[in-house]
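Visitor: This is the structure I have questions about; it appears just below.
Readers should treat all values here as calculations from the given coordinates under stated rules, not as data from a laboratory. Quantities reported herein were computed from a predicted structural model and do not represent experimental measurements. Here Cβ is always computed from backbone atoms with ideal geometry, including for glycine, and neighbour counts include all displayed protein chains.
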Amino acid sequence: MKYIHLFLLIVIPFTGSSQKLHADLFMGIANYQGDLQGKRFTLSQSKPVIGLGASYDLTNKFIARAGFFYGKIEGNDSKNKNGKGIELRNLNFSSTITEFNVGLEYNFFDLGYHDISPYVFAGAAVYHFNPYTKDAAGNKIFLKPLSTEGQGLPQYPDRKPYKLTQFAIPFSGGLKFALSENLQVGLEIGFRKLFTDYLDDVSMNYVDSATLYAERGAQAVNLAYRGDEVAGGPSYPADGAQRGNPKFKDWYYFSVVRVSYRLNNRKSNKNGLGCPGRLY
């Protein structure tokens with residue numbers, strides 16, 4: 001709700017110049033890349049995402065944008081083919097993603113005179129995530145409180161709890177089609193540069209199982225390593241054994257169709273007065 005309030009505070013001041021204001025709708029799929037999914041894009045682990053936004057024409061090519069997105073991401077070792085034997089770790093996670101972003105878009109061509117234009121977008125974003133999994137009985141369990149890698153435990157003072165609301169750098173590219181003077185449709189792929197490796201609750205090394213059991217209970221031990229749920233899977237690894245790869249931060253991606261509608265008709269001026277427009 002706070003993201004929606006912020007979105008309205010940014011959009012409302014522009015409503016007085018509605019000839020330059022567009023309402024944007026985004027629909028598509030979300031993907032994640034991290035320790036449980038090595039590929040940048042995979043249909044098998046894609047989930048839906050939807051977004052609402054507003055864009056304002058600063059010039060014929062530069063556009064200010066604000067948007068709110070809601071989607072879901074997931075990763076599963078059983079579907080991760082990038083690491084040999086990684087399926088024996090048997091971890092999985094899901095998370096909803098809520099994001100508010102603002103930034104600047106640049107159209108390479110003036111859509112007042114062209115039907116098609118590639119474009120790029122970059123800005124800043126605040127997003128919220130909360131990784132969870134389901135235990136062997138099918139119960140939904142949020143992972144952060146379990147400290148699966150010792151985050152927040154006194155025995156591992158260097159491992160701090162990660163924050164569920166963080167900043168990101170969104171940047172994207174797309175192709176935009178002008179169907180009329182007031183209606184545009186685009187295809188866009190958006191990348192999010194993150195500053196955490198815990199989007200999937202996996203980053204570093206295993207902690208001692210006895211210590212984790214004493215501090216967080218049996219459930220934390222069971223979900224920190226799930227190889228024992230796989231036939232032939234080894235027992236819980238030793239303290240310090242590699243669990244993830246902290247050298248690379250996580251990412252998430254949006255691949256969407258964008259529909260943009262001008263909120264007030266901009267009529268073409270055939271007399272050469274005022275702003276020139278597209279003639280149909």
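Visitor: Can you give the calculated 222 nm mean residue ellipticity of the chain, where each DSSP H run of n ≥ 4 adds -39,500 (n - 2.57) and the sum is split over every residue, rounded to the nearest 500 deg cm²/dmol?
Guide: Rounded to the nearest 500, the figure is -2500 deg cm²/dmol.
Visitor: Give, in nm to one decimal, the length gained when the segment between ARG40 and LYS160 is fully stretched (0.36 nm per residue of separation minus the Cα-Cα distance). Don't skip to the end; give the middle numbers.
Guide: Values: separation 120, 0.36 × 120 = 43.20 nm, distance 2.76 nm.
So the extension gain works out to 40.4 nm.
Visitor: Under a crude label model (7 Å from the Cα following the beta-carbon direction), how far is ILE169 from ALA241 in nanometres?
Guide: If labels sit at ILE169 and ALA241, their model points lie 3.7 nm apart.
Visitor: Taking region 130-231, how many lysine pairs are there with alpha carbons less than 23 Å apart, if each pair must be eight or more places apart or span two chains?
Guide: 8
Visitor: Please give the contour-minus-distance gain from VAL257 to PHE195: 0.36 nm per residue of separation, less the Cα-Cα distance, rounded to one decimal in nm. Mind showing how you got there, number by number?
Guide: Values: separation 62, 0.36 × 62 = 22.32 nm, distance 2.67 nm.
Separation in residues times 0.36 nm, less the Cα-Cα distance, equals 19.6 nm.
Visitor: Another question, if that's okay. Report the gain in length on full extension from ALA218 to VAL120: 0.36 nm times residue separation, minus Cα-Cα distance, nm rounded to one decimal.
Guide: Answer, rounded to one decimal: 30.4 nm.
Visitor: Let me ask something additional. Return, ordered by residue number, the residues of region 23-44 whose backbone nitrogen is under 16 Å from a label point located 7 Å along Cα→Cβ of ILE50.
Guide: Zone members listed by number: 24-30.
Visitor: With a point put 7 Å past each Cα toward its Cβ, work out how far ASN60 is from MET27 in nm, to one decimal.
Guide: Placing both labels 7 Å beyond Cα along the Cβ direction yields 3.3 nm.
Visitor: Once all Cα-Cα distances of region 90-169 are split into 10 Å bins that start at 0, what whole-number percent is in each one?
Guide: 14, 27, 25, 16, 11, 6, 0
Visitor: Roughly how many nanometres apart are two label points built 7 Å out from the Cα toward the Cβ at ASN182 and GLN19?
Guide: Inter-label distance under the simple model: 1.4 nm.
Visitor: For region 114-181, which trypsin sites (Lys or Arg not before Pro) pass both filters: DSSP loop (anything but H, G, I, E, B) and at most 13 other C-beta atoms within 10 Å? Could you put the intermediate results ahead of the total?
Guide: Values: sites: LYS134, LYS140, ARG159, LYS163, LYS176; in loops: ARG159, LYS163.
Loop-located and lightly packed - LYS163.
Visitor: Bins of 10 Å, beginning at zero and ending with the bin holding the largest distance: percent of Cα pairs per bin for the chain, please.
Guide: It works out to 6, 26, 27, 18, 12, 7, 3, 1, 0, in whole percents.
Visitor: When the Cα atoms of region 103-228 are enclosed in a convex hull and the volume is divided per residue, what value in Å³ results? Write down the numbers at each step before the final one.
Guide: Values: hull volume 18.4 nm³, N = 126.
Dividing the Cα hull volume of region 103-228 by its residue count gives 146 Å³.
Visitor: Now, a different point. Report the relative contact order of the chain, percent, no decimals, based on alpha-carbon pairs under 8 angstrom and at least 6 residues apart.
Guide: In percent, rounded to a whole number, it is 21.
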